[in-house]
Amino acid sequence: MDTAEFESRLEVILKREIEGCTGLVSAERLSGGASQETYRITIDTAQGHRKVCMRRAPGGVVVQTETRVAPGLATEAKLMACARAVGVPEPQVYYVLEESDGIGAGFIMEWLDGEALGARIARAPELESVRSRLAYECGQVLARIHGIDLDATGLRDKLETAPPEYFVNQTWERYKLLNTPQPMIDYAGRWLMDHLPKDYESTLVHNDFRNGNFMVNSQGINAVLDWEIAHIGDPMRDLGWICTNSWRFGRTELPVGGFGEYADLFAGYEAESGKKVDPDHVKFWEVFGSFWWAVGCLGMAEHYRSGPDKTVERPAIGRRSSECQVDCVNLLIPGAVKLVEPEVRSGNLDMPRVDELVISVRNFLRDDVMSVTTGRTQFLARVASNSLDIVDRELSLGARHRADELARLEALLGMEGDLEALRWALVNSLRDGSCALGDPALIEHLRTTVVNQIAIDQPKYSGFRTALANAGL
């Protein structure tokens, strides 16, 4: 449907369901939200303009999948209401969209002001006093979530149960369906299966509680967001996820979201729940967090290929899989690595060269388009320019990186072939268990390959710096 029809249908809903609403003023889709759409909606009332929020499936269309723990937007709204009832900071849900409303799946809720950008929560000077107690508060909030009575609320019948083995296998199978050979993902999957937690109390798991998925104001956390992959399982999953390096926003020295320490997170959880936290148990889920998000990033690229929302954001997120893979390297197989040298690009055989074309378009997006746009358009222009940075580094480093990878694979596997065939041979040997995880040649190959890939995809990522430090570089 076009914008006018969408807004007309939305206005009917708002006037019917939001007390005091006399009309729709505007509906602005916000930047970010790669999995679901988020809108800031301004409505008219007798007292003046008022803001509400809408969360909607991309394009209004729910993509059915059997390989992802996803309760659906209606259950997500119920989760928020149940959490709010036990003292978890949440906006009030006003209305869950019906099929007859004609704008797709989603719900409308209270608008709350606060900071939700993870990088700002981790770094903004005005939040310094909040950060000092935020890890402890995260522990408290998670304990309240995990204490929700699944039977009394009716949530047990609406959520999938995913014990560690099931969830690792589910994530691994989801990756296999993407049909791409990424040996470090298979290595991490094997390691996780060898180190599964055995003793835990099954509870509600938010499954995406991290810096960037809760909102903070001057008082602390004022909203927990994005319940779209909640399930029933091991509660330590949530504690490990918020410590995963992807959500530290470059502040690797502060493992809890880039703002706090493990000890404070655990203390808040123990004070609220009365249950002792095992750091090794949490560490398993920290490894799993990088494994899970490595697969999730690849899934975003697949959604670009096959889904209804073909924005420039999705393939860009796909390339972030190497960030998570280098985090797995740093957690499981740190050590020496050799970086490839960039190719010298010169000559006038082609005028302009391909790299010059790429750089010119990147600079146009970054210097011209971003300066005259705002909101989501500006955000996507930044994403597009960053994608062209990746293309430029690929032109400089990619050929030598892949030639070295091929040579290592031939030596490791004792066979010749093209790069894709040998990657698949290694992946299959990891999956069937014929390749020993402790093989020094395997470890050296995986570490070197992944670290050189992140040098292309995102050399500013903190995990790359950690890998270089581990290698003494």
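The values are calculated or read from the model by the stated rules, or taken from the named source; none is laboratory data. In this text the structure is predicted, and so the values were computed from the model without any measurement. Cβ atoms come from the backbone with ideal geometry, glycine included; neighbour counts cover every protein chain shown.
It is to be established whether one or more residues within region 231-241 are part of a loop (DSSP other than H, G, I, E, B), in contact with a helix residue (DSSP H, G or I) (Cβ under 6 Å, 6 or more places away or on another chain) and touching a residue at least 40 places away in the same chain (Cβ under 8 Å). Yes, there is a match, as at least one residue in region 231-241 is part of a loop (DSSP other than H, G, I, E, B), in contact with a helix residue (DSSP H, G or I) (Cβ under 6 Å, 6 or more places away or on another chain) and touching a residue at least 40 places away in the same chain (Cβ under 8 Å). For region 172-215: of the residues being among the aliphatic types (A, V, I, L, M) and in contact with a strand residue (DSSP E or B) (Cβ under 8 Å, 6 or more places away or on another chain), which is surrounded by the fewest Cβ atoms within 10 Å (Cβ to Cβ)? If we take residues in region 172-215 being among the aliphatic types (A, V, I, L, M) and in contact with a strand residue (DSSP E or B) (Cβ under 8 Å, 6 or more places away or on another chain), then MET215 is surrounded by the fewest Cβ atoms within 10 Å (Cβ to Cβ). GLU19 fulfils the conditions (1) outside any strand (DSSP E or B); (2) under 28 Å from the mean Cα position of the chain (by Cα); (3) at pLDDT below 95 except for a single criterion, (2). Checked against (1) in contact with a Leu (Cβ under 9 Å, 6 or more places away or on another chain); (2) in a helix (DSSP H, G or I), TYR166 passes all but a single condition, namely (1).
One residue stands out among those in region 255-276 that are hydrophobic (A, V, I, L, M, F, W, C) and crowded, with 19+ Cβ neighbours inside 10 Å: the one that is nearest to ALA122 (Cα to Cα), which is PHE259.
If you go through region 242-266 and pick out every residue that is within 17 Å of the chain's Cα centre (by Cα) and part of a helix (DSSP H, G or I), you end up with 4.
The set of residues in region 154-213 being farther than 22 Å from GLY318 by Cβ, of a type in the set (Asp, Glu) and in contact with a helix residue (DSSP H, G or I) (Cβ under 8 Å, 6 or more places away or on another chain) consists of GLU165 alone.
Taking region 371-409 as the range and being exposed (fewer than 14 other Cβ atoms within 10 Å of the Cβ) and more than 24 Å from GLY318 (Cα to Cα) as the test, the residues that pass are SER371, VAL372, THR374, ALA407.
Can you name the residue in region 147-163 that is at pLDDT below 95 and within 14 Å of GLU201 (Cα to Cα) and is also surrounded by the most Cβ atoms within 10 Å (Cβ to Cβ) among such residues? Only one residue tops the list, namely ALA162.
Within region 458-473, being out of contact with any Phe, Trp or Tyr (no Cβ under 9 Å at 6 or more places or on another chain) and buried (at least 18 other Cβ atoms within 10 Å of the Cβ) holds for TYR461, GLY463, PHE464, THR466, ALA467.
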